[in-house]
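Derivation of every value follows stated rules applied to the coordinates shown; laboratory data play no part. Computed from a predicted structure; not experimentally measured. Note: ideal-geometry Cβ built from the backbone for every residue, glycine included; neighbour counts use all protein chains shown.
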Amino acid sequence: MKLKINILLFANLKEIANQSSLQLDVPETAIVADIIDIVKKEIPNLVPYFESIMIAVNMTYVENSYKLNNNDEVALIPPASGG
């Protein structure tokens, strides 16, 4: 069985990727780290940003080992800038 995962891109990530979201079908055993690997392959221009990106699943910040569920919404959030 596959899980449907919606990936949301914010701020400069959205600009770099030329899209604000993408849908992925992933194995039911998928964790956040798997999503990161897929996004890096799908959108190579984002790779340098993953050192500082925060990741939230359903509006809660999570670790890369977080187990995903069907229809989860994964947000990739770059560090805030400004002052």
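Here are some notes:
- Inter-label distance for Lys41 and Met59, nm, one decimal - labels placed 7 Å from Cα along Cα-to-Cβ: 3.2 nm
- FRET efficiency, Ala33 to Ala11 (Cβ-Cβ, R0 22 Å, nearest 0.05): 0.50
- Calculated [222 nm] ellipticity per residue, helices only, for the chain: -5500 deg cm²/dmol; basis is -39500 (n - 2.57) per DSSP H run with n ≥ 4, divided by all residues, nearest 500.
- Projected label distance in nm at Leu22 and Leu3, using a 7 Å step from Cα toward the beta-carbon: 1.8 nm
- Net charge of Cβ neighbours under 14 Å - reference Leu9; Lys, Arg +1; Asp, Glu -1: -1
- Sequence-distant contacts, meaning Cα pairs under 8 Å at least 6 residues apart, place the relative contact order of the chain at 42 percent.
- Angle of helix 32-42 to the longest C-alpha principal axis of the chain, folded into 0 to 90 degrees and rounded to 10: 70°.
- When you count the other C-beta atoms within 10 angstrom of each residue and take the mean per peptide, 24-30, 11-17 line up highest first as 11-17, 24-30.
- Relative to the Cα centre, the charge distribution of the chain, modelled as +1 at Lys and Arg Cβ and -1 at Asp and Glu Cβ, gives a dipole magnitude of about 80 debye.
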